[in-house]
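Here's the structure we're looking at; comments come further down.
The numbers here are math on the coordinates, done by the rules we state, and not lab data. Please read these numbers as outputs of a predicted model, since none were measured by experiment. With ideal geometry, Cβ positions are generated from the backbone for all residues, glycine too; neighbour counts draw on all protein chains shown.
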Amino acid sequence: MVNTSDPVTSLALMTLFAVVMGTLLLVAVAFFRRWQQIRYARHAHALHRQYRPVLAKVLSGARGPCAIEGLRELSLPNLELLLDPLFSRRKLRERQLVFLQALCSELGLIALWQRRTANGHARAGDAPSALKPPDSSDRAAIRHLLRAKSIRNLGKLRHRPSWPLLVTALDDRHRDIQWVALRSLGAIRAPESFPALRERLHAAVREGRHSPPLPGLQAAMVSFDLSCAHELLPLLRQSDSQVRRHAMEILRNMVYRKATGQHRLTLTKQLLTPPMVNLLVERLAVDPSAEIRSRAAEVIVFLGDERAVSVLQHLLLDRQWYVRMRAARALAQLHPTSEPIHLALRQCLLDPHWRVRETAINTLIALGQEGKNQLFRHFLTSENEVTRHQIVEVIEGTGLMSALVEEYSSGARGVDALMVEHLASDIAPLGLSGVLRTLNPEARKRFLDRFLPYAEAKMRFMKETQTELETHARLQPALQFPPQLAA
């Protein structure tokens, strides 16, 4: 029998009772949570099963009065639950976005999302009935989640009138709200919001502020159209090199984003204002910061200004190797090119840094036949074995070897043919054999019919030359004047 009058025993029993009751309470909470999840999942499944056909018709443009009235019968929380999978998609077609924005505006969802964004919280009645939180902490989490989703939805719909609310959301104390607001601003791309982002970027760099986050600010600003680039002028004129560097990086990414969607981009006055062009050519290209000079080179190459070529040639001689490398890489985007540019890149093949040489090789190949001719002439005349082997590695890595072999098999003459013969006999016989195995039998036969006589003649010439050299070496001591007779 247990003696309950003993204080130690009583304490142990009370502790055991508390542990059992606590465990039962935790099990009950877990079951309740699971019941809530099942209830929510069933509610969402029933909602989607009933209204998905109606929603599909509306998004396809078949707007019927019955369909809209059927959706009007739903409460706003249930409408959000129904449309949430659409906003969770990675990308929606433009046609779907137009119909979805009109539908959300008509059903009052956009007004609800704007109200949540402006007020900084969602009312408790806004939550779906299946998500009623049991306590205040869960209620606050639900409010926070609904506000983040509201900001996301406004950005997904590219609802331009909402940009002031999203700019205000950048000052929210929650970091995730700031991130969502930045992504939505980058999706909407309202030019009126760009100055506000610029000021926050300036404060983040100069004052070290962490909200809104600097990477998110840069990503959002890069998403804007290049016509907003003139707003970066105040930052590019700053005395702080860090501010100039971040602004220059944003401008460079904006230009390259524009270049990916346009063949042979030229920055006209409509895309880049004359003050911006003058600043790039006259100040940023000679900026004390090497990082800024290198980024400026990658933008200057797209300018239609007549000073661009001379500035790029000067940057190819910069004291910092990575400035020379970026300038050489940027020249691959230059169209049309001229002989001075080809000669300047050929000089880069003598650069002491191997990455500059490798970049110059790739750029000469990218500039077409004239650039490749300059590269091949350097290869055939250079005595630097390191550079010659580096050229061969790039030729093999870019697939240029296959094109040279096919042209040689077709009877091509000139520098290209000399290049193939040197590659086959001296430098890269293994790489050439791999290319020959991929050719069709007829092309391979034409190549061998042309190359083998050249190889045999070269071997015969080398053998005769070697014999003459050996004979001359044996006769040289006999032809020399005996030193003892001169005594």
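Observations on the model:
- All of (1) within 20 Å of Ser88 (Cβ to Cβ); (2) within 25 Å of the chain's Cα centre (by Cα) hold for Pro191 with one exception: (1).
- Any hit, segment 381-398, residues being in contact (Cβ under 8 Å) with a residue 40 or more places away in the chain, assigned to a helix (DSSP H, G or I) and over 16 Å from Gln347 (Cβ atoms): no
- The residue list Leu82, Leu76 contains one member that is within 19 Å of Ala148 (Cβ to Cβ) and touching a Phe, Trp or Tyr at 6+ places or on another chain (Cβ under 7 Å), which is Leu82.
- The single condition among (1) assigned to a helix (DSSP H, G or I); (2) among the charged types (D, E, K, R); (3) buried (at least 18 other Cβ atoms within 10 Å of the Cβ) that Glu370 does not satisfy is (3).
- The set of residues in segment 279-291 being part of a helix (DSSP H, G or I) and either among the small types (Gly, Ala, Ser) or surrounded by fewer than 22 Cβ atoms within 10 Å (Cβ to Cβ) (or both) consists of Leu279, Val281, Glu282, Ala285, Val286, Ala290, Glu291.
- Selection status of Leu364, outside any helix (DSSP H, G or I) and more than 23 Å from Asp287 (Cβ to Cβ): no
- Any hit, segment 162-180, residues being of a type in the set (Lys, Arg) and in contact with a helix residue (DSSP H, G or I) (Cβ under 8 Å, 6 or more places away or on another chain): no
- Residues being more than 16 Å from Lys156 (Cα to Cα) and either assigned to a helix (DSSP H, G or I) or of a type in the set (Val, Ile, Thr) (or both) - total across segment 83-111: 2
- Hits in segment 188-244 - residues which are crowded, with 16+ Cβ neighbours inside 10 Å and out of contact with any helix residue (DSSP H, G or I) (no Cβ under 7 Å at 6 or more places or on another chain): Arg189
- Pick from segment 245-278, criterion among the charged types (D, E, K, R) and in contact (Cβ under 8 Å) with a residue 40 or more places away in the chain, ranking: surrounded by the fewest Cβ atoms within 10 Å (Cβ to Cβ): Arg264
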